[in-house]
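Colleague: Sharing a structure below in structure tokens format, with a few things to ask.
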Amino acid sequence: MTNLTIERVTSRILDIPLIRPHGFATTTATAQPILLVEVTTADGVRGWGEGVVPGGPWWGGESVETMKAIVDRYLAPVMVGRRLDELAGIMRDLEKVVANARFAKAAVDVAMHDAWARALGIPVRDLLGGAVRDSVDVTWALGVLPLETALEEIDERMNGVGHRSFKLKMGAGDPAEDTARVAELTRALADKVPGGVSIRIDVNARWDRLTALRHLPTLADAGVQLFEQPTPAHDLATLREITRRTGVPVMADESVCSPADALAVVQAEAADVIAVKTTKLGGLRESLKTVAIAETAGLACHGATSLEGPIGTAASVHFACAVEGISYGSELFGPMLLKETYTQTDLEYADGRVTLPEGPGLGLLPDDDKVAFYTRD
Ligand code: MUC
Ligand code: MG
């Protein structure tokens, strides 16, 4: 009989360089720190999860350093000695010890799903209900880049992995200049690849209402097809106004960090799409609840990313392949932004899609030598 008792929970910070700087609204990342959490059972079965935020605490207030403290000191002691088939009960009990800290909780939620699935010899997708799809479309995100550089990168990604949708980060510069840059790029692409490329933008909540209402119509006229979180997370009235005035679908990201947030967005009619990140939502179980709310209200969900590495991305690929409500594709490109992977095998990207990895658990295994190489002293 398999002994599913959790014997050990450990974590380490990996610092992995990016293939190029990734410019966000308020910071530029040149490496991605990843908190790699490992759960080991009494039978020696190991499972892994990632604690990752997009480039640092600017996005949601957590960082790999805060997550490591929360995991090691507060979450691990609740988990050790419990059985993996009590996962729901463990996640409930973690709430009694730590409020919020959802990125940290996601790391342990995924590590427990991985270890439990490996102990049973099944893919994580089966613990989430089983197969809905075997692959998902992947949008490529460009940081804040000048027009020519952006066009070159898009060309390379279209001809390489075969992406046909691109997300452009905004919010870093002067809104008028930022808008002109993106509008020009969107028009240039429409001329270059007639009808074949979808352009979305993500302002990471950095514009106020007036700025958004002034500039988003220009981006709508240029052909931008989705506005991701143009304005602050709490201001659902403005998100609703943007949808109504521009007619372009709005995707809520920073506004939705829990199932309750999703309900608030539904009730406020504030968005048409919800960015579902298994990281920001606190793991796979909280993500299931979030999609259930959105889907019931007729909203689409997008398999979004916090620039996770291979293990974290694999978790979101299993999620996207088990949950019908992830109907608006994904942006699960994180591993391709890393200069090198830390796993023995890679996720497979082709024709603009990522495919569910075969094998038990998440389907990927860390390479112990690479993990040691990238581990922060
Ligand atoms: C975000 O805000 O969506 C996802 C892709 C990217 O470039 O930033 C992340 C986080
Ligand atoms: Mg976003």
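Colleague: Can you return the aspartates and glutamates within cross-link range of LYS192? Criterion is Cα-Cα under 16 Å, with same-chain partners fewer than 8 residues away left out.
Modeller: GLU148, GLU152, GLU153, ASP155, GLU156, GLU184
Colleague: Tell me, what ³J(HN,Hα) does each residue in the stretch 231-241 have, in order and in whole Hz, if you take phi through Karplus 6.51 cos²θ - 1.76 cosθ + 1.60 with θ = phi - 60° and put x for Gly and Pro?
Modeller: 10, x, 4, 6, 8, 5, 5, 5, 4, 5, 4
Colleague: If we sort 111-121, 7-17 on the protection proxy, mean other Cβ atoms within 10 Å, highest first, what's the order?
Modeller: Packing order, densest peptide first, comes out as 111-121, 7-17.
Colleague: Explain nothing, just compute: Karplus ³J(HN,Hα) = 6.51 cos²θ - 1.76 cosθ + 1.60, θ = phi - 60°, for every residue of the stretch 4-19 in order, whole Hz, x for Gly and Pro.
Modeller: 8, 5, 6, 9, 8, 10, 10, 8, 8, 9, 9, 10, 10, x, 8, 5
Colleague: Oh, and also: Would you mind listing how long the chain runs along its three principal axes, going by Cα atoms, in whole Å with the largest first?
Modeller: Per principal axis, max minus min of the Cα coordinates gives 62, 41, 38 Å.
Colleague: I'd like the distance between the alpha-carbon centres of the stretch 318-377 and the stretch 1-63, rounded to an integer number of Å.
Modeller: 13 Å
Colleague: Checking the cross-link filter: which lysines have an alpha carbon closer than 20 Å to that of LYS105, excluding same-chain neighbours under 8 positions apart?
Modeller: LYS68, LYS96, LYS277, LYS280, LYS289
Colleague: Which order do LYS277, LYS192, LYS68 fall in if you start with the one that has the fewest other Cβ atoms within 10 Å?
Modeller: Least crowded to most crowded, the residues run LYS192, LYS68, LYS277.
Colleague: Among DSSP beta bridges lying fully in the chain, give the percent that are antiparallel, nearest 5.
Modeller: In the chain, approximately 55 percent of DSSP beta bridges are antiparallel ones.
Values in this text are rule-based calculations from the coordinates and carry no lab data. Here the structure is a predicted model, which means the values were calculated and not measured. Quick reminder, even Gly has a Cβ in these numbers, built from the backbone with ideal geometry, and neighbours come from all protein chains shown.
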